[in-house]
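K.L.:
First, the structure itself, so that you have it in front of you.
Derivation of every value follows stated rules applied to the coordinates shown; laboratory data play no part. Given the structure is predicted, the values throughout are model-derived calculations rather than measurements. Reconstructed Cβ throughout: ideal geometry from the backbone, glycine too, with neighbour counts over all protein chains shown.
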Amino acid sequence: MSGSKEMRFPKLRQRLYSVWYRHMRVYTKHLFSNGFPPFLEPLIFLWGIGLGLGQFIAPINGQPYLVYLSIGLLVTSAMWTSSFECTFGTFIRMEFEKVYDGMLAAPITAENLILGEMFWAGSKGFFFSLAVLIVVGLFGKLPMPGSLAAPLIGFATAFMFGALGLLVTSFVKTINHFNFYMTGLISPMFFFSGVVFPVESLPKKVQWLAELVPLTHCVRIMRFIAALHWDSVILWDAAYVIVFTLIVGFFATKRLKKRLIT
Amino acid sequence: MQTPVIEASDVSKTFGSLQAVKSLSFHVNADECFGFLGPNGAGKTTLLKMFYARTARDHSPQSRLRLFGYDPEEDELSIKYMSGVAPQEDNLDDELNVIQNLLLYARFYGMPSAQARRRADELLKFLELSEKRKELIRHLSGGMKRRLVIARALLNEPKLLILDEPTTGLDPQVRHLIWDKLRQLKKQGTTMLLTTHYMEEAFQLCDRLIIMHRGENIMEGSPRQLVAENIEPYVLEVTDLQANPELRHQPLPAGVRLDLSGLTARYYAASFEALKSLGDQFTRAPHFLRQTNLEDVFLKATGRMLDERQ
């Protein structure tokens, strides 16, 4: 068979973009119900912690508790959204809605689809961090201009947790199993990774555990950048995030592909 | 001689201990409608999935599969770009409406939006869905969803259209409408592959077909040829043999073959007269004399008993 048409399948960039675009289109279909909560959540925190709990807590490292917590929330909002997106969301698309069956009949590969999921998760992280930045920033509770980097850190955080979520999804047989991941790993990370209190306050014996999990590194990077403060430990954190994302992303792609291409 | 659109030789697929497709070899020519006919679990869908790289075939030195000259495992993008797939299960985006579904999908082909709009409207008209342009997917009937899935498969003007049970579960009106549209596409030069377990559908649409059973090619040919070569021209169906129990054990007239299942007896023969006089003896049992069709061939080939995969 000859002809030129076959060689004109879209380039890699376009293929990834079409996966991303599909998710964006479906997500923004319900702009209000999907777009409102990311703004509401930081408000609830501001009121609940700021007006309530915060008054009873001493400043941490010279920062009012509300400011300390808010910097952490810039990052955790990205973690939460991408973790849900790439576990429950991906599983539903794969097993219930059969969305991937349709997408994989189009000229994209399974690898394109999986990488596209990660970019989409990253983008949602960007948006959720931005929402926290806007709300808390408007109340003047974030150090400026350093905190303006939050959406970028949010993107990296969400991309990484997206990859991790996809890896978990590649093992999961029924949707209820995600509860173990959410309650067993994501929730503890929220509490013990330097978001609600400094890692240094943990007993010495378990501090290495905090150093082991990914969220700690994202939060630390965010804190340093927010304070416009340089410390060489950032290099370790950045290296961790990059290497973790590459390794987990590689295995997530490999394993999930096996599930999509039988 | 033109190169075939699909060349397959010794193509197999094993899932664990189950061999879903067993060493199939065939070729599909351009402008042809080629069918895979078989009961549920025969391996039809698995086979189709191999064509667009959703399933990897078993690797062996002799095994070879080419579409447009490309191996799906190496050039899936080229193959997918030139093909349209309508899977068995409707997998439209429920959150979006009809036209949005098409426009979104056009992105995957890198189609500029003006062209996508034009093509989508053209296809909605072709499949008689123009009035449903803004309708949400969940408000569509099964037949409309199926037509929309076919429209989606046609977006990039595919040279090859892959249809997995295109009319299963649809009412006769929709089924005939879809058949009509598929025939039009074929006339315009689209090569078609379809799986079905409707004999009527295979008979109406396919130029050639393979009857599959438990992953194997049982027989291959044009529908007419399969009927002519594999079964007697006439059959007398007696649906309640117990109504005339005395006839149950009488010797069969020469040239008549009996196929017994449950209470139903089917007498096959080349001679219409022989069956007519046999039928006259069934004074109480309801009976019906007719020409044989693809379904008779199919049941003869695949057996009447259900197996564990059905």
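K.L.:
Compare the Cα positions of B:H176, A:S193, B:F282 along the charge dipole of the protein assembly as shown (+1 at Cβ of Lys, Arg; -1 at Cβ of Asp, Glu; about the Cα centre) and return the one farthest towards the positive end.
P.N.:
A:S193
K.L.:
Mind sorting B:L260, A:L212, B:L163 by how few other Cβ atoms lie within 10 Å of their own Cβ, fewest first?
P.N.:
A:L212, B:L260, B:L163
K.L.:
From the phi of every residue in the range A:126-135, what ³J(HN,Hα) in whole Hz does the Karplus formula 6.51 cos²θ - 1.76 cosθ + 1.60 yield, where θ is phi - 60° and glycine or proline is x?
P.N.:
4, 5, 5, 5, 4, 4, 5, 4, 5, 5
K.L.:
Here's something else I'd like to know. Can you tell me the relative contact order of chain B? Whole percent, Cα pairs under 8 Å, sequence separation 6 or more.
P.N.:
Working: 554 pairs, mean separation 62.5, N = 310.
This gives 20 percent for chain B.
K.L.:
Any idea what the dipole of chain B comes to, in debye rounded to 20, about its Cα centre with Lys/Arg Cβ at +1 and Asp/Glu Cβ at -1?
P.N.:
Numbers: 40 positive and 42 negative charges, 127 e Å.
The calculated dipole for chain B is roughly 600 debye.
K.L.:
What percent of all Cα-Cα pairs in the range B:232-291 falls into each 5 Å bin, going from 0 up to the bin containing the maximum distance?
P.N.:
Here the calculated profile for the range B:232-291 is 4, 21, 36, 27, 11, 1.
K.L.:
Here is a further query. Determine the gain in length on full extension of the stretch A:A238-A:R13; use 0.36 nm per residue of separation and subtract their C-alpha separation, reporting nm with one decimal.
P.N.:
Gain in length upon complete extension: 78.5 nm.
K.L.:
How many Cβ atoms of partner chains, on average, are near each residue of B:108-115 if near means within 10 Å of its Cβ?
P.N.:
Working: counts 17, 7, 9, 1, 0, 0, 0, 0.
Average per residue, whole number: 4.
K.L.:
Could you work out, for chain B, what percent of all Cα-Cα pairs fall into each 20 Å distance bin, beginning at 0 Å and stopping at the bin that holds the largest distance?
P.N.:
Taking all Cα pairs of chain B, the binned fractions are 29, 49, 20, 2 percent.
K.L.:
Per-residue Cβ counts within 10 Å, from other chains only, averaged over A:13-26: what number is that? Present the calculation step by step, with values, prior to reporting the outcome.
P.N.:
Values: counts 0, 4, 4, 0, 3, 7, 2, 0, 3, 6, 0, 0, 7, 6.
Across A:13-26, the average partner-chain Cβ count within 10 Å equals 3.
K.L.:
When the Kirkwood hydrodynamic radius is evaluated over all pairs of different C-alpha atoms of the range B:163-252, what value in angstrom, to one decimal, is obtained?
P.N.:
Numbers: mean 1/r = 0.0624 Å⁻¹.
Averaging 1/r across every pair of different Cα atoms and inverting gives 16.0 Å.
K.L.:
Given the rule -39500 (n - 2.57) for each run of at least 4 DSSP H residues, summed and divided by the residues of chain B, what is its mean residue ellipticity at 222 nm, to the nearest 500 deg cm²/dmol? Intermediate results must be reported in sequence, preceding the final value.
P.N.:
Numbers: 10 runs with 101 residues, N = 310.
Helix contribution divided over all residues of chain B: -9500 deg cm²/dmol.
K.L.:
A further question on this structure: Please give the helix B:272-281 orientation as an angle from the longest Cα principal axis of chain B, in degrees from 0 to 90, rounded to the nearest 10.
P.N.:
It is inclined by approximately 60 degrees.
K.L.:
Let me ask something else. Could you list log10 I(q)/I(0) for the protein assembly as shown at q = 0.11, 0.13 Å⁻¹, which the Debye formula gives when each Cα is one point scatterer?
P.N.:
Normalising to I(0) and taking log10 leaves -1.03, -1.25.
K.L.:
Sort B:H176, B:H197 by Cβ crowding within 10 Å, fewest neighbours at the top.
P.N.:
Working: B:H176 13, B:H197 17.
So the residues, fewest neighbours to most, are B:H176, B:H197.
K.L.:
If you don't mind, another one. Shielding by partners for B:65-75, please: the mean number of other protein chain Cβ atoms within 10 Å of each residue's Cβ.
P.N.:
Working: counts 0, 1, 1, 5, 3, 2, 0, 0, 1, 0, 2.
The mean count of partner-chain Cβ atoms within 10 Å per residue comes to 1.
K.L.:
With charges only on Cβ, +1 for K and R and -1 for D and E, what is the dipole size of the protein assembly as shown about its Cα centre, in debye, rounded to 20?
P.N.:
Numbers: 62 positive and 54 negative charges, 243 e Å.
Here the protein assembly as shown has a charge dipole of around 1160 debye.
K.L.:
Only bridges whose two residues both fall in the protein assembly as shown count here: according to DSSP, what percent of them are antiparallel, nearest 5? Present the calculation step by step, with values, prior to reporting the outcome.
P.N.:
Numbers: 35 of 53 bridges.
Around 65 percent antiparallel, to the nearest 5.
K.L.:
Report, in deg cm²/dmol and to the nearest 500, the calculated mean residue ellipticity at 222 nm for chain A, where each DSSP H run with n ≥ 4 adds -39500 (n - 2.57) and the sum is divided by the residue count. Could you put the intermediate results ahead of the total?
P.N.:
Values: 12 runs with 168 residues, N = 262.
Calculated at 222 nm, the ellipticity per residue is -20500 deg cm²/dmol.
K.L.:
Run the count for the range A:12-260, please: Lys pairs, Cα-Cα under 21 angstrom, 8 or more apart or on different chains.
P.N.:
For the range A:12-260, the number of qualifying lysine pairs is 9.
K.L.:
Now, a different point. In Å, what Kirkwood hydrodynamic radius results for chain A from the alpha-carbon pair distances?
P.N.:
19.4 Å
K.L.:
Now for a separate question. Could you point to the residue in B:N217, B:P39, B:M192 farthest towards the positive end of the range B:6-221's charge dipole, with +1 and -1 charges on the Cβ of Lys/Arg and Asp/Glu respectively?
P.N.:
B:M192
K.L.:
Let me ask something additional. Applying a 10 Å radius around every beta-carbon, put B:40-51, B:90-101, B:108-119 in order of their mean neighbour count, most first.
P.N.:
Details: B:40-51: 22.4, B:90-101: 19.9, B:108-119: 16.2.
Ranking the peptides B:40-51, B:90-101, B:108-119 by packing returns B:40-51, B:90-101, B:108-119.
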